[in-house]
């Protein structure tokens, strides 16, 4: 994205708009950062009443799905002229997630980062994370925020069962497993927070656009 306060035009080539059924559009963006900014702009326009009929807005890694459109063809024609402001830090609700940095892959992550094991938690909790999109399982959020030097490869051999509450890294993302499931992410810690509760409103603790602070707890 451009510098602070600048806007990014959806010029031809920066976004591909595809029909998704008779009342939806799938917008493919050139980067995850661009997709997050575009998602925020869609929400702003919807809240301002500029997108009548939109029933659902679903962000992905580099896509945003707009469903329930009255005239998807007309919107598809307008999108190239949109100016999408840079996503500013500090926007969106803030959720704090307590973490014990005691994960099974802590030593491997520390080695790949070139830091001591106790530094992994300080690095990870020292930045504000942002929910880019959700998927994989109910309540599972993909969080961005770590600098590129801290991006992590997935495990070469996935685990058959990752405990619920595990805080993990893969690629540019942090994720917290809402329930026990197979997984190939690098485990760095555990949280006592409940990520998904169907009896809670909303059921998901983390939703797209939420800011997240991981708070270190004693092991």
Point to revise | Residue selected from the range 138-190 under the condition on the phi > 0 side of the Ramachandran plot and assigned to a loop (DSSP other than H, G, I, E, B), by the criterion surrounded by the most Cβ atoms within 10 Å (Cβ to Cβ) | key: 139
Study note, to complete from the structure: The residue that is modelled with the highest pLDDT, considering only those in the range 26-44 that are assigned to a strand (DSSP E or B) and surrounded by 20 or more Cβ atoms within 10 Å (Cβ to Cβ), is 27
Review point. Out of the residues in the range 191-205 that are in contact with a strand residue (DSSP E or B) (Cβ under 7 Å, 6 or more places away or on another chain) and more than 11 Å from residue 165 (Cα to Cα), which is surrounded by the most Cβ atoms within 10 Å (Cβ to Cβ)?
Key: 205
Revision key, fill the gap. Only one of (1) at pLDDT 95 or above; (2) farther than 26 Å from residue 37 by Cα does not apply to residue 156, and that is (1)
Point to revise | Number of the condition not met by residue 130 [criteria: (1) part of a loop (DSSP other than H, G, I, E, B); (2) in the same structural domain as residue 192 (by TED's automatic domain parsing); (3) at pLDDT below 95] | key: (1)
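What is the residue count in the range 191-219 for residues that are in contact with a helix residue (DSSP H, G or I) (Cβ under 8 Å, 6 or more places away or on another chain) and outside any loop (DSSP other than H, G, I, E, B)? Talk me through it step by step, then tell me what you get.
Step one: list which residues in the range 191-219 are in contact with a helix residue (DSSP H, G or I) (Cβ under 8 Å, 6 or more places away or on another chain), which gives 208-209, 213-216.
Right, trim to outside any loop (DSSP other than H, G, I, E, B) and you get 213-216.
Going through the range 191-219 one residue at a time, the tally reaches 4.
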Check your understanding: Pick from 64, 120: which is in contact (Cβ under 8 Å) with a residue 12 or more places away in the chain and in a strand (DSSP E or B)?
Key -> 64
Review point. Is it fair to say residue 103 is over 30 Å from residue 41 (Cα atoms) and either outside any strand (DSSP E or B) or not assigned by TED's automatic domain parsing to the domain that holds residue 189 (or both)?
Key: yes
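The values are calculated or read from the model by the stated rules, or taken from the named source; none is laboratory data. As the structure is a computational prediction, the values presented were derived from the model and not from experiment. Neighbour counts run over all protein chains shown; Cβ positions are idealised from the backbone, glycine included.
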